[in-house]
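**Student:** Please find one structure pasted underneath; my questions will follow.
The values are calculated or read from the model by the stated rules, or taken from the named source; none is laboratory data. In this text, all values refer to a predicted model and were calculated from it rather than measured experimentally. Virtual Cβ from ideal backbone geometry, glycine too; neighbours counted across all protein chains shown.
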Protein chains: 2
Amino acid sequence: MSGEAQIEAKKTALSIGIVGGGQLARMLVLSGARLGLRFKIYDPAPDACAGTLAPLTCGAFADATALLAFARDLDVLTFDFENVPASTLAALTDDIKIAPNPAVLAMTQDRLSEKAAFAALGIPVAPFRAVSTPLQMLQAVQELGVPGILKTRTLGYDGKGQTRVDKLSDAETAFARLGLSPCVYEQLVPFSRELSMLAVRSENGDFRSYPLTENVHDAGILAVSLAPARTTPELAALAEAYAQNVAERFNYVGTFALEFFQVAEALVLNEMAPRVHNSGHWSIEGAECSQFENHLRAVSGLPLGSTAVRQPSLMLNWVGELPNALPQLAVANLAWHDYGKSARSARKVGHSTLCAESFEALSLKLDALQRQSPTRAGGLAQGLLNRYLRP
Amino acid sequence: MSGEAQIEAKKTALSIGIVGGGQLARMLVLSGARLGLRFKIYDPAPDACAGTLAPLTCGAFADATALLAFARDLDVLTFDFENVPASTLAALTDDIKIAPNPAVLAMTQDRLSEKAAFAALGIPVAPFRAVSTPLQMLQAVQELGVPGILKTRTLGYDGKGQTRVDKLSDAETAFARLGLSPCVYEQLVPFSRELSMLAVRSENGDFRSYPLTENVHDAGILAVSLAPARTTPELAALAEAYAQNVAERFNYVGTFALEFFQVAEALVLNEMAPRVHNSGHWSIEGAECSQFENHLRAVSGLPLGSTAVRQPSLMLNWVGELPNALPQLAVANLAWHDYGKSARSARKVGHSTLCAESFEALSLKLDALQRQSPTRAGGLAQGLLNRYLRP
């Protein structure tokens, strides 16, 4: 092997550590192993589902000593879970390359700093107020009105750590329900639909975005993603500009997601996920290079892959338990993803991605599947596709 | 979870053992993990490359006791390597489900029985003679003429265990060169090109074939595969009929490959691989369901997936060492596969699959890649694509 080839070969034989061993880590391993990357997983749970595909180290996310020992021989440390204490990560940065950088994780861990950062970049966010006391809560609701959403500043996801406020008289109870922890009160945005943009940025500043994805949530948890979302070119360009703006501002390296509300022809940024994201799972089959592979290319210093769409793609999320696999497996061009987790309420246990040459063809295939084996996510997807086909 | 769903879920949480832990096993694990299947690997080499993705048991292929211990808790035993002694496998069949069945492995392990079986099915093979003595060798060459190929009956692959005979006076030396082991002498078929057909059959007899693939070998080892091969519908139908015929005759369960020589508008069967095959690697990106996933669906009793082509696909095999990864990774819609093996002469260490909307587009992308980072396989592929575009 020539000297140059040896150096280049080394770049693709990197050892990657992933903090968090859930389905995102699992899909990272499955896409990165093909590139010759080697993985290690860190997770508190001995049955973390990525642990069947790579060596698993068990430890608490806040245990800086254990994390440092885990990271010692790695080339890069990255995440399937963004709520690792920022102070823990800060202690590691001298010894190990971490991507995305801990500063952006710290920013997204606090809804208040996140919203302030986006607002400072000129990206529209829902009007909000910081709430630390019952008095502030009352003032926030008085100033911004109802309906609104009260969210804890930290550790919220999948609808956890948030509650809706419909009347001024609910304000105090809502704050008490979230344990009087520091919160953000947001005006409820009267959105027409939910969109997300997955994007990726490399170490040398190369930036690529996937087309906007339209999402449907069910009880606060993603149920359906459809890509590419039907939008005006202006809306797509706006989302891309926001994503590039965020990526450059934070010197972001890796894949991330921005979740938007569409309000008329504007986009209001709801939140950022500084990692691969559930609404980008369709890219495994539906894009030329998936969000997972692109994340790994970015954090490994490799060239980014094409984010072009192969075919219109529909993702159905399986939450709580898997549906019967056999009717799903019998559908042509449907990819069945079983994360190997046990069933549990509100737990993401798998997903299916259906691809076809058009939205019409997607709709026909979905209708046939629903007739044979109806699922709740499938029903929501039928509603979404109906809006695309019969607007 | 309902009772029915539990039963169906169990079907996709099967534990699969793979005998042989090379790149084929590795790609089986990478495609099957997505379905929720769990894997164990058996291989004599402690550094077998599938061992980074699934627990590896080290043992000799002929060690029936070790294999039985390995297989005890499995739902299915399957193979990435077909030369496991048939007697060893026969000892396991009472205790464990083995797919494909050991009888078909035994048949393909002996070139003489393989050729006799195909001839009995009415599938054209090159004229051949069994050779066990120097006298038989001389007679074989006299009867079938030169040029011809002498092949050991067992353990040959990638051009090993075979030698060409160009003159009658070479006959004895050739037989001596192969150690006087039992051989088959075959007439050299004056073929215009090499084609292979990947096909899969399920437990309940469902049969599906991938379109014919055109292959180019280099020093006896596969260098390039292009799919779908340009053929007449008659030739495609002939190959499919042969494949279905073989699959049904042997009650085959799983993916297999038939390697053909094209002679005018006829096909001469060269050999069968009772497993996933190098010439089907393009199907990972280029087909709706890959040869690997379909093999696992078949041996697990799941419905087969679609073998339809997504896009014309070109596979370049990396033999001996990997080329520089960076120019490859920079090509849109090129999938880079690094098996994680160390470089060694004649060793298959990786492959690239390039997909595009047409052969013209494939050719343009390949030409650009060759200008930047020429490879021997790439050069052979350019020659092949030139024949497609400028016949």
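**Student:** Residue check, B:Met1 against (1) at pLDDT 95 or above; (2) at the interface with chain A (Cβ under 9 Å from one of its Cβ atoms); (3) not in a helix (DSSP H, G or I), all met but one. Which one?
**Tutor:** Single failed check for B:Met1: (1).
**Student:** Select from the stretch A:60-101 the residues that are closer than 18 Å to A:Leu24 by Cβ and of a type outside the set (A, V, I, L, M, F, W, C) and list them in ascending order.
**Tutor:** A:Thr78, A:Asp80, A:Glu82, A:Asn83, A:Pro100, listed by residue number.
**Student:** Determine which single condition A:Arg371 fails, assuming it passes every other condition in (1) within 14 Å of chain B (Cβ to nearest Cβ); (2) among the basic types (Lys, Arg); (3) surrounded by fewer than 20 Cβ atoms within 10 Å (Cβ to Cβ).
**Tutor:** Every listed condition holds for A:Arg371 apart from (1).
**Student:** For A:Thr152, state whether it is of a type in the set (S, T, N, Q) and buried (at least 16 other Cβ atoms within 10 Å of the Cβ).
**Tutor:** Spelling it out, A:Thr152 is indeed of a type in the set (S, T, N, Q) and buried (at least 16 other Cβ atoms within 10 Å of the Cβ).
**Student:** Within the bounds of the stretch A:71-84, is there any residue that is farther than 30 Å from A:Glu293 by Cβ and touching a residue at least 40 places away in the same chain (Cβ under 8 Å)?
**Tutor:** To start, the set of residues in the stretch A:71-84 that are farther than 30 Å from A:Glu293 by Cβ comprises none.
So far as the stretch A:71-84 goes, no, none of its residues is farther than 30 Å from A:Glu293 by Cβ and touching a residue at least 40 places away in the same chain (Cβ under 8 Å).
**Student:** Can you name every residue in the stretch A:322-349 that is within 11 Å of chain B (Cβ to nearest Cβ), more than 18 Å from A:Leu366 (Cβ to Cβ) and buried (at least 18 other Cβ atoms within 10 Å of the Cβ)?
**Tutor:** Hits for the stretch A:322-349 are A:Asp338, A:Tyr339, A:Gly340, A:Lys341, A:Val349.
**Student:** Ok, one more. Within the stretch A:286-321, which residues are under 18 Å from A:Leu212 (Cβ atoms) and facing another protein chain (nearest Cβ under 9 Å)?
**Tutor:** A:Glu288, A:Cys289, A:Ser306, A:Ala308, A:Arg310, A:Gln311
**Student:** Can you find a residue that is part of a strand (DSSP E or B), surrounded by fewer than 21 Cβ atoms within 10 Å (Cβ to Cβ) and modelled with pLDDT of 95 or more anywhere in the stretch A:16-30?
**Tutor:** No, the stretch A:16-30 contains no residue that is part of a strand (DSSP E or B), surrounded by fewer than 21 Cβ atoms within 10 Å (Cβ to Cβ) and modelled with pLDDT of 95 or more.
**Student:** Considering every residue within the stretch A:221-231, establish whether at least one is touching a Leu at 6+ places or on another chain (Cβ under 6 Å), modelled with pLDDT of 95 or more and not aliphatic (A, V, I, L, M).
**Tutor:** Yes: one or more hits.
**Student:** Another question, if that's okay. Please specify each residue of the stretch A:33-46 satisfying the condition of being in contact with a Ser or Thr (Cβ under 8 Å, 6 or more places away or on another chain) and either of a type in the set (A, V, I, L, M, F, W, C) or in contact (Cβ under 8 Å) with a residue 40 or more places away in the chain (or both).
**Tutor:** Residues satisfying the conditions are A:Ala33, A:Leu35, A:Leu37, A:Phe39, A:Ile41.
**Student:** Restricting attention to the stretch A:16-32, report how many residues are more than 11 Å from chain B (Cβ to nearest Cβ) and in contact (Cβ under 8 Å) with a residue 60 or more places away in the chain. Before the answer, list the steps.
**Tutor:** To start, the set of residues in the stretch A:16-32 that are more than 11 Å from chain B (Cβ to nearest Cβ) comprises A:16-22, A:24-25, A:28.
Next, from what is left, pick out any that are in contact (Cβ under 8 Å) with a residue 60 or more places away in the chain: A:16-20, A:22, A:24, A:28.
So the count comes out to 8.
**Student:** Test A:Ala257 against the criterion of being under 23 Å from A:Ala86 (Cβ atoms) and within 14 Å of chain B (Cβ to nearest Cβ), and give yes or no.
**Tutor:** Working: under 23 Å from A:Ala86 (Cβ atoms): yes; within 14 Å of chain B (Cβ to nearest Cβ): no.
The answer is no for A:Ala257.
**Student:** Right, here's the next one. For the stretch B:350-368, give me each residue that is crowded, with 17+ Cβ neighbours inside 10 Å and polar (S, T, N, Q).
**Tutor:** B:Ser352, B:Thr353, B:Ser363
**Student:** Would you point out which residue out of B:Glu271, B:Glu288 is modelled with pLDDT under 95 and surrounded by fewer than 24 Cβ atoms within 10 Å (Cβ to Cβ)?
**Tutor:** B:Glu271
**Student:** Are there any strands (runs of 3 or more DSSP E) wholly within the stretch B:190-237 with 2 or more residues that are surrounded by 15 or more Cβ atoms within 10 Å (Cβ to Cβ) and acidic (Asp, Glu), and if so which?
**Tutor:** It comes to B:213-218.
**Student:** Just to check your reading of the model, which residue among B:Val104, B:Val84 is closer than 23 Å to B:Leu258 by Cβ, crowded, with 17+ Cβ neighbours inside 10 Å, out of contact with any strand residue (DSSP E or B) (no Cβ under 6 Å at 6 or more places or on another chain) and β-branched (Val, Ile, Thr)?
**Tutor:** Details: B:Val84 fails: out of contact with any strand residue (DSSP E or B) (no Cβ under 6 Å at 6 or more places or on another chain).
B:Val104 is the lone residue from the list that is closer than 23 Å to B:Leu258 by Cβ, crowded, with 17+ Cβ neighbours inside 10 Å, out of contact with any strand residue (DSSP E or B) (no Cβ under 6 Å at 6 or more places or on another chain) and β-branched (Val, Ile, Thr).
**Student:** Still on this model: Hey, can you tell me all the residues within the stretch B:350-391 that are of a type in the set (Ser, Thr, Tyr) and without any contact (Cβ under 8 Å) to a residue 12 or more places away in the chain?
**Tutor:** none
**Student:** Moving on to the next point. Grab the helices (runs of 4 or more DSSP H) fully contained in the stretch B:71-175, keeping just those with 1 or more residues being closer than 20 Å to B:Asn278 by Cβ. Break it down stepwise before answering.
**Tutor:** Numbers: elements: B:86-90, B:102-109, B:111-120, B:134-144.
In the stretch B:71-175, B:102-109, B:111-120 are the helices (runs of 4 or more DSSP H) which contain 1 or more residues that are closer than 20 Å to B:Asn278 by Cβ.
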